[in-house]
Structures are given as structure tokens and as C-alpha cells.
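To keep things clear, I will list the structure first and then write my remarks on it.
The values are calculated or read from the model by the stated rules, or taken from the named source; none is laboratory data. As the structure is a prediction and not an experimental result, all values here were calculated from the model. With ideal geometry, Cβ positions are generated from the backbone for all residues, glycine too; neighbour counts draw on all protein chains shown. Heads up: the accessible areas ignore ligands, DNA and RNA and are worked out on the full protein's heavy atoms, side chains in. Shrake-Rupley method; radii C 1.70, N 1.55, O 1.52, S 1.80 Å.
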Amino acid sequence: MEEPKPQRMLTTLEVIRRIAKALEEKRPLSVVRVGDGENICLAQYKVWSIRKTLNTRWGKLSRRTNWKGVRLPNVELRDRLIASIKRADIVGIPYENDKEILAKPYTLRPLTDRCFRRYNIRPKAVCHTFVNRHMVEYEEFWEMLRGKKAVVISRWAGNLKRWVGKKYNDFDIDFTKLIRIDRYEEISKVVERMKGVECDIVLISAGVNAVILAERLAREQGRVAIDFGKSAVFMVKGDRKVRPWRPRRADAKSSDAKSAGAKSANVERESEGGESA
């Protein structure tokens with residue numbers, strides 16, 4: 001059987017523009033992402049032995065802490081991830097020999113490729129896994145959100161709302177609903193809570209659960225739903241892993257305008273033979 005040709009990865013700006021177009025046309029769109037955690041969940045039993053899966057740092061943390069939002073093994077989660085990735089509109093995946101994702105190389109693109117082959121996953125479109133972190137670096141992303149109604153599904157929902165209100169106050173982004181999610185078992189409850197909620201876009205920071213949520217909300221409720229990953233917590237905490245674009249302060253603009261005016265006056269005086277101060 002002939003190996004399928006590699007898909008061209010969309011750039012961050014291309015992803016932003018596809019989201020913006022979906023918002024403009026009021027049609028559903030799901031952006032999901034596959035990193036080391038999703039790969040490890042996908043690998044359960046079918047690609048790796050469960051012993052190998054649970055011996056990874058990610059697998060151990062899933063059993064010892066609540067950080068990962070799911071406890072492995074979980075075959076139901078695996079199968080729902082497979083279905084969601086197949087149906088999603090845009091799927092983030094690691095680069096070949098990815099240096100940006102801080103995880104063991106064998107849990108990144110090599111494992112993505114093995115899982116995708118095993119389950120016959122051929123995404124409709126692909127981009128880099130960290131598209132969520134890079135989108136916020138562009139003014140175009142924030143302009144896309146200007147005047148929009150947004151829902152945030154995350155442990156950090158309240159913190160993100162306050163942070164955005166402080167940093168992007170002039171953009172009039174209206175957070176119509178904030179929903180906390182901590183674990184896989186809460187997905188159905190979150191979907192139920194979203195029924196009847198009026199919004200333009202849904203930003204989801206919920207670990208591997210975001211893949212299922214984003215695709216399901218787009219498919220069942222016609223949402224524009226984005227797997228926002230750790231962008232929320234990194235921005236709130238000021239972590240340099242994410243460097244969001246910031247609007248220029250009004251006083252800075254005023255100062256620049258005065259400076260430009262002074263320069264213009266100097267040019268005029270010089271052209272008239274006067275001396276600049």
C-alpha cells in the first residue's frame with residue numbers, strides 16, 4: 001500500500017484567518033491539538049503495551065495527581081480521541097524532530113505518526129501543536145476577538161477573563177460564560193451546560209479533554225471551538241513560553257504623537273532657515 005503524501009502544515013496566520021472566516025460566516029469550526037499527552041493516550045494497548053504507556057512520566061502523573069485531567073488506562077478516552085481527531089477541522093501535530101515541545105522525542109512526532117497509521121487518521125488540515133501559543137502573538141488574533149462573545153472552559157477561566165479585561169480592555173471582548181473543568185468525567189456535563197449559551201467562540205484549556213470537547217461542541221452545537229491549551233495559564237502567570245501581542249497604551253500613543261509633532265515642527269523651522277532647538 002502506497003504511503004500517503006505528507007500534508008502541508010498551515011501557518012499560524014492561516015489558522016487565525018480560517019477561524020476568523022468561520023466567525024464571519026457563522027459556521028462551526030474545531031481546532032484540536034495532539035502533543036505528547038494525546039499521543040500517550042492514543043497509544044494505549046494498540047500501539048504500545050499498557051505497561052509502556054503507564055511507565056511514561058505523563059502516564060505516572062495521570063495516576064498520582066489530578067494535573068492531567070484523566071487517569072490512565074482509559075480505553076474509552078482513547079477511542080473518543082481517535083474519533084474526534086478524525087472529525088476535527090484543523091489538527092495541531094508536532095514537527096519532525098520537534099525542538100519546541102519539551103517532552104521526550106519518542107513521545108512526539110514518531111508516536112503521532114505511528115498512532116495515525118494504526119488508526120487510519122488523516123486530518124482534514126494540520127498545523128503545529130503549539131498554534132495555540134503562537135496565535136496570541138499576533139495582533140490579528142486579538143482583532144479577531146474584538147467585540148466578540150467568548151466562552152472559556154478551563155480551571156483558569158476566571159483568571160483569564162480578568163487578565164484579558166485588564167490588558168485588552170479597549171477590545172470589548174465579552175466573556176459570556178466561564179466553565180471550570182477538572183477531569184474527563186465532566187465532559188458531558190460541560191457540553192450540557194453549553195446548551196443555549198450564546199457566544200461567537202469557545203476557548204478550551206482542559207488538557208487532552210479539550211480535543212473531545214472542541215470537536216463535539218463544533219459538531220453538535222455549531223460552535224467555533226479552539227483547543228487553547230496552556231496559553232491561558234501562561235498568559236495569566238506571565239510565563240515567557242507565551243508572549244502575547246499587546247496593544248500600545250494610550251499614553252504611549254499620545255507621547256509618540258507629541259514627539260512626531262515636535263519633529264514635524266523642527267522640520268518646518270529648518271526648511272524656513274530657522275534653528276532647531
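Overview of results
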item: Entirely in region 1-75, the helices (runs of 4 or more DSSP H) that have 3 or more residues that are surrounded by 13 or more Cβ atoms within 10 Å (Cβ to Cβ) and modelled with pLDDT under 95; result: none
item: Flag if Leu203 is open to solvent by 50 Å² or more (accessible area, probe 1.4 Å), under 21 Å from Phe141 (Cα atoms) and in contact (Cβ under 8 Å) with a residue 24 or more places away in the chain; result: no
item: Failed item, numbered, when Glu100 is tested on (1) over 29 Å from Lys148 (Cα atoms); (2) among the charged types (D, E, K, R); (3) free of Cβ contacts under 8 Å to residues at least 12 places away in the same chain; result: (3)
item: Extreme residue, farthest from Asn66 (Cα to Cα), among residues of region 177-192 that are charged (D, E, K, R) and within 19 Å of the chain's Cα centre (by Cα); result: Lys177
item: Residue in region 118-126 that is in contact with a Ser or Thr (Cβ under 6 Å, 6 or more places away or on another chain) and open to solvent by 40 Å² or more (accessible area, probe 1.4 Å) present; result: no
item: Lone qualifier among Glu198, Glu185, Glu140, Glu215 - being under 30 Å from Leu108 (Cα atoms), touching a strand residue (DSSP E or B) at 6+ places or on another chain (Cβ under 8 Å), among the charged types (D, E, K, R) and at pLDDT 95 or above; result: Glu215
item: Region 107-134 - residue that is in a loop (DSSP other than H, G, I, E, B) and among the hydroxyl-bearing types (Ser, Thr, Tyr) and, of those, nearest to Leu42 (Cα to Cα); result: Tyr119
item: Selection within region 93-114 - surrounded by fewer than 18 Cβ atoms within 10 Å (Cβ to Cβ) and over 16 Å from Val208 (Cα atoms); result: Tyr95, Glu96, Asn97, Lys99, Glu100, Leu102, Lys104, Pro105, Tyr106, Pro110, Asp113, Arg114
